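Derivation of every value follows stated rules applied to the coordinates shown; laboratory data play no part. Values in this document were obtained by computation on a predicted structure and should not be read as measured data. Here the Cβ positions follow ideal geometry from the backbone for every residue, glycine too, while neighbour counts run over all protein chains shown.
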Amino acid sequence: MILRYARPGDEFGMADIHIEGWRVAYHGIYAPDFLDGSSHEEKADIWAQRIAAETPHNAQLVFDNDGIIGFISLVDHHATEERSTEGRIHAFYVHLDYHRKGIAEQLMNAATGWFKANGYKAVFVQTLKRSKHFFEKDHAITQTDTIEITLNNKRTVEVHEYRWEL
């Protein structure tokens, strides 16, 4: 298994894991027809654009085991032309077959290293309640207990937003 930066061609594996992750994470929150309606091609196009746009303001890290088994997408928290000192985890998914095998922790450690190397002083992430324990065990400080966000103009869900200093 290799941890590396995403490159052209990885977008298809990233799309697979992203769609699968959404179906699992949002099961019971969204209707099955909405979750099953994700277009593999649209997701792959989005990830291809992000891979092509990689700069010191964003990066896509993947775990490769003869195919993508997990990835984490890192961006500047404020998404402006000038880099801020606060980063954000935009997306973070690991294939179900690799849950609880240390892949997420390794991706998280690599992300922390990337943020530090690029001058970030803090990191933010928003996550569903069911995933909050992963971030809490790494000493993340809760920025706000719960906030409501609307995803794809479909439904408002409660998420935890975490912030931690690097």
**Q.** Along each principal axis, Cα extent of region 1-119, largest first, Å
**A.** 41, 31, 27
**Q.** Check: the chain dipole with +1 on Lys, Arg Cβ and -1 on Asp, Glu Cβ, in debye
**A.** 440 debye
**Q.** Positive dipole terminus of the chain, leading residue within H160, F34, H133 (C-beta point charges)
**A.** H133
Q | Cβ-Cβ FRET estimate between V157 and E41, R0 fixed at 35 Å, reported to 0.05 | A | 0.85
Q | Phi-based couplings in Hz for region 34-40 (Karplus 6.51, -1.76, 1.60; Gly and Pro marked x) | A | 5, 5, 7, x, 5, 8, 4
Q | Eligible lysines near K101 by straight Cα distance, threshold 24 Å, same-chain separation 8 or greater | A | K129, K132, K137
